[in-house]
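A short worksheet on the structure shown next.
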Amino acid sequence: MTRPVRIALAILPLVVLVALLGVFATQMGRSTSFVPSALLDKPVPDFALAAVEGHDQPGFATADLSGQGVVVVNVFASWCVPCRDEHPMLMDLAQRDVLIYGINYDDPADNARAFLAELGNPYDAVGSDRDRRVGIEWGVYGVPETFVVDNDGVIRFKHVGPLDADSYENVLLPAIAAAAEPA
């Protein structure tokens, strides 16, 4: 091996390390609740969710998310601790006459029913996504996630992670108001 090749190979790890440090430095301080979504400003995906078995509410489908004003779609599961933390915000939102649809994600029906019986049910419809296929179509990273859909069935906002008092008041409610405004 020639001397210039040996020098290049010796310096290569240092160059890679500096590049990685540069990437990490540019990402520091970035909001982790904002995850870009390819679905923003696009129609909701084509899907149909059956009702949670034994639950007295219907499931829902793509057609249910347009022509009704602004709709909030929340992805939740009984096994999700942060879902419990954000649930009071969803209960408050339901009191504001906002339509809320729930996607019960990878959750046995008994557990989903118990979760809603214990914490209250803010949802106008709840669909069961046991195989996570609809979650994949919506680009769900994990639970909870909350979407705002406008009257035309277009996704206008996505919040990843649990809603807290601050994100509810200062992010979700303004996103709902913005989606209600004519384009």
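Any residue that is within 14 Å of VAL73 (Cβ to Cβ), assigned to a loop (DSSP other than H, G, I, E, B) and in contact with a strand residue (DSSP E or B) (Cβ under 7 Å, 6 or more places away or on another chain) - is there at least one of those in the stretch 149-158? Yes, the stretch 149-158 has at least one match.
Within the stretch 108-138, the set of residues being touching a His at 6+ places or on another chain (Cβ under 8 Å) and either without any contact (Cβ under 8 Å) to a residue 60 or more places away in the chain or small (Gly, Ala, Ser) (or both) comprises ALA109, ALA112, LEU119, GLY120, PRO122. Looking across the stretch 121-146, the residues that are under 14 Å from LEU49 (Cβ atoms) and outside any helix (DSSP H, G or I) come down to TYR123, ASP124, ALA125, VAL126, GLY127, SER128, ASP129, ARG130, ASP131, ARG132, VAL140. The residues of the stretch 35-60 that are part of a strand (DSSP E or B) and surrounded by fewer than 17 Cβ atoms within 10 Å (Cβ to Cβ), listed by number, are PRO43, ALA48.
Only one entry in TYR168, TYR141, TYR105 is of a type in the set (Phe, Trp, Tyr) and either closer than 16 Å to ASP46 by Cα or free of Cβ contacts under 8 Å to residues at least 40 places away in the same chain (or both), namely TYR105.
The set of residues in the stretch 140-179 that are modelled with pLDDT of 95 or more, among the small types (Gly, Ala, Ser) and either under 14 Å from the mean Cα position of the chain (by Cα) or closer than 18 Å to GLN68 by Cβ (or both) comprises GLY153, GLY161, SER167, ALA175, ALA177, ALA178, ALA179. None of SER167, SER128 is crowded, with 16+ Cβ neighbours inside 10 Å, of a type in the set (Ser, Thr, Tyr) and closer than 23 Å to PRO58 by Cβ except SER128. Scanning the stretch 61-120 for residues that are in a loop (DSSP other than H, G, I, E, B) and over 19 Å from the mean Cα position of the chain (by Cα) gives GLY67, GLN68, GLY69, ARG96, ASP97, PRO108, GLY120. Taking residues in the stretch 50-79 that are within 13 Å of ILE155 (Cα to Cα), and partners anywhere that are outside any loop (DSSP other than H, G, I, E, B) and of a type outside the set (A, V, I, L, M, F, W, C), the pairs with Cβ atoms closer than 6 Å and at least 6 places apart or on different chains are VAL73/TYR101; ASN74/GLY102; ASN74/THR146.
The values are calculated or read from the model by the stated rules, or taken from the named source; none is laboratory data. Keep in mind that this is a model prediction, so the values were computed, not measured. Methodologically, a virtual Cβ is constructed for each residue, glycine included, from the backbone with ideal geometry; neighbour enumeration extends over all protein chains shown.
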